[in-house]
Amino acid sequence: MSCSCTHEQAKLQENILKKINNHPCYSQNAHQHYARIHVAIAPACNIQCNYCNRKYDCSNESRPGVTSCRLTPQEAVKKVLYVGGSVKQLSVVGIAGPGDALANPKQTFETFALLQKYAPDIKLCLSTNGLNIEKYIDEILKYNIEHITVTLNSVDESGKMGAKIYPWVYYEGKRYKGEEAARVLLRQQLRGIELLVKNDILVKVNSVLIPDVNEEELLRVSKKVKEMGVFIFNIMPLISKPEHGTRFGLDGVKSADHRLFMKVQEACETGVKLMRHCRQCRADAVGLLGEDRSDEFFKKEFADKSFEELQAHYNINKRRETHEKIEKWRDVLRAANERALRAEAQKYELSSTGETKLIAVTSASNGLINDHFGSAKEFLVYEAGDKAIKFIMSRRVETSYCKGPAGCGTYVIDEIKKVLSDCDILLTQKIGECPRKELDSIKIICDEDYANEPIEISVLKAVRKHFSFEKLQAC
Ligand code: CLF
Ligand code: SF4
């Protein structure tokens, strides 16, 4: 009996691993190798969030930044074929705004139907506030959408907390306000999540961390989603500025900073798998999670081409070959990094002494330390002890240190110093003398010795090299 049970569990596990293997959001390991594209086909929304202004992207899945181009389902699928033929690591199409995917069911499901026909190798993914999941569960199953994100910011049944976040909700022809709106939304979100889990769809729950509003509530959310069988929980720090024109921005609610984010993440380690590599993408994002290639592909390049022409460009066989090569490379990396990887390790297991350090890394792709400090707009931050490492988060800066030939001679490092202020080591492919001195002034050790090496094992080696741990074990 126990034997068949274990067998069933192993099969289930295998099935899940297959689903997440090349999904850059559901698998942290996949995100350095596989790309996603968001198609902005969903303009409307059925609720109002106080952190959203749809002149900007949906905060469910995006950082503030205008969606450059809205598309019809036909244009969206043409874009996927066009991009997928050029960016062969593309593995997922997501609908993440600028409104809510399920408040625009016609466009959403028409897009998925066309994708099934013309790009059957690509994964389908959508993001929603959860209000309409129950209503569209049959369509979700029909189009084999294996990954769904639900944004859930509170599980307070009284609706008091929700009323601070949602001024209104429009459901089944009626507009609800205040606490009643929050209660209707929560009821539908929980029903929706339950249905999705029951139907073996991998659910990711996103929660926007809103300072002084739901920072303590997120612990309850993490417990609830764990209890409900949600696959992964993603805390997204609020990005809030008055110029975004959101209610919170205008009311002076601040963005959630790194310290608060790390504190809440730590508190939410309640057994649910935490997503730590989210980049809060635009509703029209293209590329690896750490890069944004949305401005490389213009509508005029694909809109007038036929589906057949674009399907030939997409070249499903070539794409398969590329994905096979990526898998071979991932095997090599996995073997190299094996000793350092303890993704699920608790903090004390990272270190024999309890002491850990924060290490920042610049990486362009492929799991390697292969980006120059000057060009980096993103730093991957790891926590490391002498025994293992853990990925904590990625941190972005608005401007890189070096602005290229056009900005020659103008170097600004203040933002980077602020973003890295709590880090102990920076591992980068190359760094000049001036920025090195700047980082040295805030006690960050810069090390180029691991240029082009696999990230994880290098982080472990570097922390052992630069810090002595009392009961240091042999490397
Ligand atoms: Fe897009 Fe979202 Fe699908 Fe990913 S994004 S719809 S699950 S394919 Fe990913 Fe972007 Fe974070 Fe979203 S990094 S914002 S979690
Ligand atoms: Fe904006 Fe998304 Fe909220 Fe709708 S669900 S109001 S689009 S953040």
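Might you check whether a residue that is part of a helix (DSSP H, G or I), charged (D, E, K, R), in contact with a helix residue (DSSP H, G or I) (Cβ under 9 Å, 6 or more places away or on another chain) and on the phi < 0 side of the Ramachandran plot occurs anywhere in region 221-232?
For region 221-232, residues part of a helix (DSSP H, G or I), charged (D, E, K, R), in contact with a helix residue (DSSP H, G or I) (Cβ under 9 Å, 6 or more places away or on another chain) and on the phi < 0 side of the Ramachandran plot: present.
Exactly one of these conditions fails for Y143: (1) touching a Ser or Thr at 6+ places or on another chain (Cβ under 8 Å); (2) open to solvent by 10 Å² or more (accessible area, probe 1.4 Å); (3) within 16 Å of ligand 1 (Cβ to nearest atom). Give me its number.
(1)
Please list, ordered by first then second residue, the pairs with beta carbon atoms under 9 Å, 6 or more apart or interchain, first in region 155-179 and outside the structural domain of M228 (by TED's automatic domain parsing) and closer than 21 Å to V253 by Cα, second open to solvent by 30 Å² or more (accessible area, probe 1.4 Å) and assigned to a loop (DSSP other than H, G, I, E, B).
If the second residue must be open to solvent by 30 Å² or more (accessible area, probe 1.4 Å) and assigned to a loop (DSSP other than H, G, I, E, B), no pairs are left.
Which of the residues that make up region 109-135 are open to solvent by less than 10 Å² (accessible area, probe 1.4 Å) and over 21 Å from L196 (Cβ atoms)?
The one that is open to solvent by less than 10 Å² (accessible area, probe 1.4 Å) and over 21 Å from L196 (Cβ atoms): A119.
Which of the numbered conditions does P242 fail, given that it passes all the others? Conditions: (1) within 21 Å of the chain's Cα centre (by Cα); (2) more than 16 Å from ligand 1 (Cβ to nearest atom); (3) at pLDDT below 90.
Every listed condition holds for P242 apart from (1).
Hey, can you tell me all the residues within region 1-30 that are surrounded by 20 or more Cβ atoms within 10 Å (Cβ to Cβ), at pLDDT 90 or above and assigned to a helix (DSSP H, G or I)?
Residues satisfying the conditions are I20, A30.
With the condition kept exactly as written, say whether any residue in region 408-415 is modelled with pLDDT of 90 or more and within 14 Å of A360 (Cα to Cα).
no
Quick one: what pairs do we get from region 126-150, first residue farther than 14 Å from K106 by Cβ, second charged (D, E, K, R), C-beta under 6 Å, 6+ apart or different chains?
S127/E61; T128/D100; N129/D100; E134/R191; E146/K19; T149/K204
Of a type in the set (A, V, I, L, M, F, W, C), open to solvent by less than 10 Å² (accessible area, probe 1.4 Å) and touching a Phe, Trp or Tyr at 6+ places or on another chain (Cβ under 9 Å): does that describe V169?
Yes: the conditions hold for V169.
With respect to A103, is the statement that it is under 22 Å from K204 (Cα atoms), within 16 Å of ligand 1 (Cβ to nearest atom) and open to solvent by 10 Å² or more (accessible area, probe 1.4 Å) true?
Yes.
Could you check, for region 210-217, whether at least one of its residues is over 24 Å from the mean Cα position of the chain (by Cα), on the phi < 0 side of the Ramachandran plot and surrounded by fewer than 19 Cβ atoms within 10 Å (Cβ to Cβ)?
No, there is no match, as no residue in region 210-217 is over 24 Å from the mean Cα position of the chain (by Cα), on the phi < 0 side of the Ramachandran plot and surrounded by fewer than 19 Cβ atoms within 10 Å (Cβ to Cβ).
In region 373-399, what residues are assigned to a loop (DSSP other than H, G, I, E, B) and either open to solvent by less than 20 Å² (accessible area, probe 1.4 Å) or modelled with pLDDT of 95 or more (or both)?
Listed by number, the residues that qualify are F373, G374, A376, G385, D386, A388, V397.
The values are calculated or read from the model by the stated rules, or taken from the named source; none is laboratory data. All figures in this text were calculated on a predicted structure; none of them were measured in a lab. Quick reminder, even Gly has a Cβ in these numbers, built from the backbone with ideal geometry, and neighbours come from all protein chains shown. Protein only, heavy atoms only, side chains kept; ligands, DNA and RNA dropped before computing areas. Shrake-Rupley method; radii C 1.70, N 1.55, O 1.52, S 1.80 Å.
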